[in-house]
Amino acid sequence: MQTFTGASVYLPDGITDTTVTIEYGTIVDIGGPVQGDVIDARGLILAPALIDVHGDAFERQLMPRPGVFFPIEAAVLDTDRQLATNGIATAYHAITLGWEPGLREVTLGRDLMQTMRDLAPRLLVENRVQLRWETFAFEALETIEWALDGPLLPSVAFNDHTSMTMRAYDVPIQYRAFEFSPDFTVAELDDDRMRKRTSSKAHRSGISEDDYIALLGEVWNRRNDVPGTIEKVAEMARAKGAPMLSHDDTRAETRAWFRDRGAHIAEFPMVMEAAEAARANGDTIIFGAPNAARGGSHIGSLGAGDMVEAGLCDALASDYFYPAMLVAVARLDAERRADRLKLWSLVSSGPARAMNLTNRGEIAVGKRADLVLVDWPDGHPPAICGTWVAGRPAYRGIPAG
């Protein structure tokens, strides 16, 4: 048994100086007497630990330089330690299951998931998986079925970067039509602009630009079979109760189509039409924390800060940079986009609800003791001083001062 004393505690209904006692991985008392070992948290904030519903920064550990792969075990261990020091107690790694060779191919994704399972006893935080499925990657179905039977239920995200790449050249990525609509206009593969559009993808895949475009053309021929394949994956996910997300929606029609298949989460909607359609139908809305931390989208989509202020954001995900979650909360707080408890919920209880993790995300009696101690001086960025996962200290940092 341990009791945190002296902290400013973020409770669901307010911020107050009180005690929090944990035992056997669970919060057992709030505001009661000191019991067991004392954790002196004077001058610090005690808050629910962060939950990251979409993070792919691990790719930098797998491939620290283009075309240079690092051993998977070492990459997973280092990523896990980064999560702990950033206050993230539960992480959904957005592992791409795609048709491209290299970093985002299905076989590497499966190897990464298996390594995470094998290393679980050595990991500090709860490492889960978002099956970031490219909907043209039919070769991923067996791996998706395998992953859904794993020890920790993954989420399933429907991504269609293939259609994004194939959209007509005069259509900005944010304003493309619903991918299965007759209004969706298609680019020509033999146009020099396709080489420019795909050069970075070819580089990531480790193949020539010509070979990438040829492969893209072969995969594009699967287009008529994509809706039926999505139906199969959605059915598998529904059978397991896995949360489902649609990625980068640009139309209310897109959101409705995926909602009808059980995907009740809009991940990074790109235009107001999609975000408002999600909210009007009770869907969960997720934006990227780097968007909020930087003050806007780097590709010209909706600004996460604006969406928070408008009540159109339920959770912030680390996306491509784990520290962004804490930085985003700090910036939005400085900009007075919402009160501090609401902002903290975007990285704790909001993600917990999105992923149906009912046992965490709040400091309340009976909840899992996933907690962080935060040093947040006025006018300065916050920093994590400690992370507890189910009552176990996953990280503890003692400042030099």
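The values are calculated or read from the model by the stated rules, or taken from the named source; none is laboratory data. Remember, predicted model here, so these are calculated numbers, not experimental data. Cβ placement follows ideal geometry from the backbone for every residue including glycine, while neighbour counts extend to all protein chains displayed.
Quick notes on this structure:
- Looking only at segment 372-401, and only at residues there that are farther than 20 Å from Val327 by Cβ, modelled with pLDDT of 95 or more and among the hydrophobic types (A, V, I, L, M, F, W, C), the one that is nearest to the chain's Cα centre (by Cα): Val389
- Residue within segment 272-280 that is closer than 29 Å to Glu142 by Cβ and in the same structural domain as Val129 (by TED's automatic domain parsing) present: no
- Comparison of Gln61, Gln82 shows that the only residue that is polar (S, T, N, Q), more than 15 Å from Glu126 (Cα to Cα) and not in a strand (DSSP E or B) is Gln61.
- Checklist (1) closer than 24 Å to Ala94 by Cα; (2) outside the structural domain of Gln82 (by TED's automatic domain parsing); (3) assigned to a loop (DSSP other than H, G, I, E, B); (4) of a type outside the set (Gly, Ala, Ser) applied to Pro399, failing item: (1)
- Criterion violated by Gly206 - all others in (1) out of contact with any Pro (no Cβ under 7 Å at 6 or more places or on another chain); (2) under 24 Å from Leu131 (Cβ atoms) satisfied: (1)
- Checklist (1) over 21 Å from Thr96 (Cα atoms); (2) outside any helix (DSSP H, G or I); (3) within 17 Å of the chain's Cα centre (by Cα) applied to Gly296, failing item: (3)
- Residue check, Val28 under 19 Å from Cys385 (Cα atoms), assigned by TED's automatic domain parsing to the domain that holds Ala369, β-branched (Val, Ile, Thr) and in a strand (DSSP E or B): no
- From Trp146, Trp220, residue being free of Cβ contacts under 8 Å to residues at least 60 places away in the same chain, assigned by TED's automatic domain parsing to the domain that holds Ser318 and under 19 Å from Val106 (Cα atoms): Trp146
- Residue-level analysis places Ala352 among those that are buried (at least 18 other Cβ atoms within 10 Å of the Cβ), in the same structural domain as Leu245 (by TED's automatic domain parsing) and of a type outside the set (Asp, Glu).
- When segment 346-384 is filtered for residues that are hydroxyl-bearing (Ser, Thr, Tyr) and in contact (Cβ under 8 Å) with a residue 12 or more places away in the chain, the ones remaining, listed by number, are Ser348, Ser349.
- Tally, over segment 218-264, of residues that are under 16 Å from Trp133 (Cβ atoms) and in a loop (DSSP other than H, G, I, E, B): 8
Quick grid of which residues meet (1) surrounded by fewer than 19 Cβ atoms within 10 Å (Cβ to Cβ); (2) assigned to a strand (DSSP E or B); (3) under 27 Å from the mean Cα position of the chain (by Cα):
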site	(1), (2), (3)
Met194	no, no, no
Ile207	yes, no, no
Ala214	yes, no, no
Ala266	no, yes, yes
Ala292	no, no, yes
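To keep it simple, each residue is scored yes or no on (1) under 17 Å from Asp52 (Cα atoms); (2) part of a loop (DSSP other than H, G, I, E, B).
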{"site": "Ala328", "(1), (2)": "yes, no"}
{"site": "Arg331", "(1), (2)": "no, no"}
{"site": "Trp344", "(1), (2)": "yes, no"}
{"site": "Asn359", "(1), (2)": "yes, yes"}
{"site": "Glu362", "(1), (2)": "yes, yes"}
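- Criterion violated by Glu188 - all others in (1) surrounded by fewer than 15 Cβ atoms within 10 Å (Cβ to Cβ); (2) part of a helix (DSSP H, G or I) satisfied: (2)
- For segment 91-134, a tally of residues being crowded, with 22+ Cβ neighbours inside 10 Å and either of a type in the set (Gly, Ala, Ser) or on the phi > 0 side of the Ramachandran plot (or both) returns 4.
- Boolean, Val327 is of a type in the set (Val, Ile, Thr), within 12 Å of the chain's Cα centre (by Cα) and at pLDDT 95 or above: no
- For segment 355-375, residues that are over 22 Å from Ser155 (Cβ atoms) and crowded, with 20+ Cβ neighbours inside 10 Å total 6.
- Breaking point among (1) part of a loop (DSSP other than H, G, I, E, B); (2) at pLDDT below 95, for His203: (1)
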